[in-house]
Amino acid sequence: TQKDIWWKDATVYQIWPASYKDSNGDGIGDIPGIISTLDYVKNLGTDVIWLSPAYDSPQDDMGYDISDYESVYPKYGTMEDMDQLIKECHDRGMKLILDLVINHTSSEHQWFKDSRSSKTNPKRDWYIWQPAKYDADGNRQPPNNWSSHFSESAWEWDEGSGEYYLHYFAKTQPDLNWENEETRKAIYASSMTFWYEKGVDGFRIDTAGMYSKQPSFEDAPIVFPDRDIQPAGMFTDSGPRIHEFHKEMFSQVSSKYDSMTVGEVGHCSLEDKLKYVSAKEGEMNMMFLFDLVDVGSGPNDKFDYIGYDLVDIKKAVDNMSSFIKGTDAWSTVFIENHDQARSITRYGNDSPEFRVKSGKLLATMLTTLTGTLFLYQGQEIGMTNVPLEWDLDEYLDICSINYVKKYGGSKTPEEFAQMKKNINLLARDNGRTPMQWDDSEYGGFSTGKPWMRPNDNFKTVNAASQVNDPDSLYNYYKKALTVRKEHKNALIHGELEILDYENKQVFSYLKVGTTETAYVVLNFTSSDVKFNKLVEGDIELVLTNQDKFREGVLSPYEARVYTVSQ
Ligand code: TEU
Ligand code: CA
């Protein structure tokens, strides 16, 4: 229906509040800081802002450990600041979606304090408690061998009430028990309705596949024989009641508002994909699939770098786009977020010679793919990973810290050096360094020492040096977003048809719309490669990052977008 079209054609800009803009010099980003930059976000050509968690939280997982859904973390600002942000977005014709973190709360949430207070507390069943096991020597053991996503056992012993509780993430992020209907109702009221009634336009649904747990807490199969805990990632998604829960949540809450919901599912079967995001299923409008951001990363260990080639990228894009063909489902396009390293370093080339050119190449791919497009703060100016030379203690993310703590000790110097390289390449910290606004101290992010060290390249990579430079990456993104809208029939809604699939240097594809077709050609290498037109008919160039063409040749990281007249 016309009502829901806005979130299909929109480009979403994700803001990580701690690192975006500090207005009061305490070195921590805040909501007044965000409000002061809204014109910059609007001028880029984005339509929706996704604000990562700004609720009250002990910040063990930077806000994904929420102690009060109906609040604002004091260091980010006040509820009045949040009301102002909602208003300022709407005044600019923009929408605001918040992060919905409802697989777990912080252990500081009153619900959990009540639940852990005793086995007979009315809220005991709002979380997932299991008795200990005991080994032959009478030593207490957790209920099974699951690892959390942060490299510890997924079970934490609670001395006070004499049982273990489940946590898929940090031990201070206890999982809520979605089997309990009373709990679900409280979740919906507190984390969703409260904010919808304040005028937010929807949610990014955190860990959207994890709420329905496996019926029995049996041990995971041994994937790493040398480890005492096994990757829970194989078990945490798409449990038996997950679609029932999403249908209930959508019908009871989001469907009552002109809202946009995007679920972070990551991986699931084709059948599950269509259940999550087919409009007629009534669960969520779209989902994040991790095919592209997982390229090069091991399936069961985030920091196990396995490398990739261009065909892996083509397959990932295919998996994220093509399943919606001929259906009423919808998808998303993204390559960066707060959990991912910087895409120019991972998939482009962050050398001084090719950083901007390869950034424009990636921008061309992203802005010509089907689905709602998500950009992450700093992606538009070509921010890169932190230098390999940084000491590991500069990595402040619990995901990185726990991994080194758990697996670093047992490594030889060579293995440790390799682990450090993998962490430098893949750590979430790379996406959490302060936004680089200008070349002043701390990159214009703050007048005080930032909570996290800024990337060393802020003097050359910053927004101020780009917004007025027509050849900058910022202005290429701006132009590409305009082209995407002008040719949305092919670029936003068209069907992907990958050409020359096995070519490991050039990614070429058609985007077949109902009224127009586009033809995209991307040289992913730092060399000249042969260019032979792969389509018949006359083609008109609508976007390129190359200032002069050579006949039959694509220059390093050259990108071209044509429209094809049938
Ligand atoms: O991420 C869920 C998730 O799958 C990732 O945490 C992934 O497991 C991790 O990055 C290691 O690859 C969401 C949020 O995006 C993330 O920031 C939170 O830490 C997590 O949930 C818990 O809320
Ligand atoms: Ca601040």
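If only Cα atoms are counted, what is the Rg of the chain, and what is its Dmax, in Å?
Final numbers for Rg and Dmax: 23.5, 78 Å.
LYS87: which aspartates and glutamates have alpha carbons under 12 Å from its alpha carbon, excluding same-chain residues fewer than 8 sequence positions away?
ASP201
Quick check: net charge around ASP528, other residues with Cβ under 14 Å of its Cβ, Lys/Arg +1 and Asp/Glu -1?
Details: positive: LYS357, LYS530, LYS548, ARG550; negative: GLU551, GLU558.
Computed value for this residue: +2.
How long is the gain from SER351 to HIS90 if the chain were fully straight, where each residue apart is worth 0.36 nm and the alpha carbon distance is subtracted? The partial results should precede the final answer.
Values: separation 261, 0.36 × 261 = 93.96 nm, distance 3.92 nm.
Full extension of this stretch gives 90.0 nm more.
In region 272-329, if every C-alpha pair distance is counted and binned at 10 Å from zero, what percent goes to each bin?
In whole percents, the pair-distance histogram is 22, 41, 27, 10.
Can you bin every Cα-Cα distance in region 509-561 into 5 Å intervals starting at zero and give me the percent of pairs per bin, rounded to whole numbers?
5, 18, 30, 26, 13, 6, 2, 0
Among GLY552, LEU496, PRO450, flag the residue with its Cα farthest along the positive direction of the charge dipole of region 411-566, charges on Cβ as +1 for Lys/Arg and -1 for Asp/Glu.
Toward the positive end, the furthest listed residue is PRO450.
Quick one: grab the alpha carbon gyration tensor of region 66-157, order the square roots of its eigenvalues as a ≥ b ≥ c, and give me rounded if a/c is under 1.5, else prolate or oblate depending on whether a/b is larger than b/c. Spell out each step's value before the answer.
Values: a/c = 3.85, a/b = 2.48, b/c = 1.55.
Because a/c hits 1.5 or more and a/b exceeds b/c, region 66-157 counts as prolate.
What are the lysines whose alpha-carbon lies under 25 Å from the alpha-carbon of LYS420, with same-chain residues fewer than 8 places away excluded?
LYS171, LYS302, LYS405, LYS406, LYS411
Calculated FRET efficiency, GLU536 and THR514, Cβ-Cβ r, R0 22 Å, to nearest 0.05?
Details: r = 20 Å, r/R0 = 0.89.
So, using R0 = 22 Å, E works out to roughly 0.65.
Give the residue from VAL386, SER358, ASN532 lying farthest towards the positive end of the charge dipole for the chain; charges sit on Cβ (+1 for Lys and Arg, -1 for Asp and Glu) and the dipole is referred to the Cα centre.
The residue sitting most towards the positive pole is ASN532.
If I stretch the segment between SER255 and MET234 completely, what's the gain in nm (0.36 nm per residue apart, minus their alpha carbon distance), one decimal? Display every interim value, and only then the final one.
Working: separation 21, 0.36 × 21 = 7.56 nm, distance 3.09 nm.
Additional length available on full extension: 4.5 nm.
Can you give the Rg to Rh ratio of region 341-422, both from alpha-carbon atoms, with Rh computed by the Kirkwood formula?
On the way: Rg = 16.0 Å, Rh = 14.9 Å.
Here the Rg-to-Rh quotient is 1.07.
Working from Cα positions, state the angle (0 to 90°, nearest 10) between the long axis of helix 310-321 and the longest principal axis of the chain.
70 degrees
Given a Förster radius of 25 Å and the C-beta distance between LYS548 and ASP438 as r, what FRET efficiency does 1/(1 + (r/R0)^6) yield to the nearest 0.05?
Values: r = 31 Å, r/R0 = 1.26.
Efficiency, from the Cβ-Cβ distance: 0.20.
All other residues with a Cβ under 10 Å from the Cβ of HIS487 taken together, and with Lys, Arg as +1 and Asp, Glu as -1, what is their net charge? Intermediate results must be reported in sequence, preceding the final value.
On the way: positive: ARG484, LYS485, LYS488, LYS511; negative: GLU486, GLU516.
Charge balance in the 10 Å sphere: +2.
Given region 310-360 reduced to its alpha-carbon atoms as identical point scatterers, what log10 I(q)/I(0) does the Debye formula return at q = 0.22 Å⁻¹?
Calculated log10 I(q)/I(0) at the listed q: -0.91.
Per residue Cα convex hull volume for region 222-328, in cubic angstrom? Don't skip to the answer; put the middle values down first.
Values: hull volume 13.4 nm³, N = 107.
Once divided by residue count, the hull of region 222-328 is 126 Å³.
Residue farthest toward the positive end of the dipole of the chain, with Cβ of Lys/Arg at +1 and Asp/Glu at -1: which of LEU44, SER251, LEU375?
LEU44
Could you tell me how many degrees, from 0 to 90 and to the nearest 10, lie between the Cα long axis of helix 413-426 and the main elongation axis, the longest principal axis, of the Cα atoms of the chain?
Helix 413-426 sits at roughly 70 degrees to that axis.
Quote the convex hull volume per residue of region 262-305, based on C-alpha atoms, as a whole number of Å³.
Numbers: hull volume 3.0 nm³, N = 44.
So the per-residue Cα hull volume is 67 Å³.
In a solvent-free Debye calculation with one equal scatterer on each Cα, what is log10 I(q)/I(0) for region 163-285 at q = 0.20, 0.22 Å⁻¹, listed in the order of the q values?
After summing over all Cα pairs, the log10 values are -1.23, -1.41.
Given the C-alpha atoms of region 448-566, compute the convex hull and give its volume per residue in Å³.
Details: hull volume 19.3 nm³, N = 119.
Dividing the Cα hull volume of region 448-566 by its residue count gives 162 Å³.
In region 323-387, what GluC sites (Glu not before Pro) fall in a loop by DSSP, with at most 14 other Cβ atoms inside 10 Å? Write out the running numbers ahead of the final one.
Working: sites: GLU336, GLU353, GLU380; in loops: GLU336, GLU353.
Listed in order of number, the matching sites are GLU353.
Using a Förster distance of 35 Å, how high is the FRET efficiency between SER71 and ASN139, based on the Cβ-Cβ distance and rounded to 0.05? Could you put the intermediate results ahead of the total?
Working: r = 41 Å, r/R0 = 1.17.
With a Förster radius of 35 Å, E is 0.30.
Taking neighbour counts of Cβ atoms within 10 Å as a proxy for exposure, in what order, fewest first, do HIS493, HIS338 appear?
On the way: HIS493 18, HIS338 23.
Result, fewest neighbours first: HIS493, HIS338.
Which order do ARG116, ARG453, ARG140 fall in if you start with the one that has the fewest other Cβ atoms within 10 Å? Kindly include the intermediate steps, with their values, before the conclusion.
Working: ARG116 20, ARG453 17, ARG140 11.
The order, fewest Cβ neighbours first, is ARG140, ARG453, ARG116.
For region 272-371, max minus min Cα coordinate along each principal axis, in Å, sorted largest first?
48, 31, 25
Taking the Cα centre of the chain as origin, work out the dipole magnitude from +1 charges on Lys and Arg Cβ and -1 charges on Asp and Glu Cβ, in debye rounded to 20. Walk me through the intermediate numbers first.
Values: 59 positive and 89 negative charges, 181 e Å.
In debye, rounded to 20, the chain gives about 860.
What number comes out for the charge environment of GLY45, summing +1 per Lys or Arg and -1 per Asp or Glu over other residues with Cβ under 10 Å away?
Numbers: positive: LYS42, LYS478, LYS479, ARG484, LYS485; negative: ASP47, GLU380.
Once positives and negatives cancel, what remains is +3.
Report the full-extension gain for the segment GLU218 to LYS459: residue separation times 0.36 nm, less the Cα-Cα distance, to one decimal in nm.
On the way: separation 241, 0.36 × 241 = 86.76 nm, distance 5.27 nm.
Here the segment from GLU218 to LYS459 would lengthen by 81.5 nm.
With viscosity set to 1.002 mPa s at 20 °C, what whole-number translational diffusion coefficient in µm²/s follows for region 300-459 from Stokes-Einstein and a Kirkwood radius over Cα pairs? Intermediate results must be reported in sequence, preceding the final value.
Numbers: Rh = 17.3 Å.
So the translational diffusion coefficient is about 124 µm²/s.
Extending each Cα 7 Å along its Cβ direction at GLU244 and PHE416, get the distance between those two points in nm, one decimal.
According to this spin-label approximation, the distance is 5.0 nm.
Just so you know, all these numbers are worked out from the coordinates, no wet-lab data involved. Quick caveat, the model's predicted, so the values are computed rather than measured. FYI the Cβ positions are ideal-geometry reconstructions off the backbone, even for glycines, and counts take in every protein chain you see.
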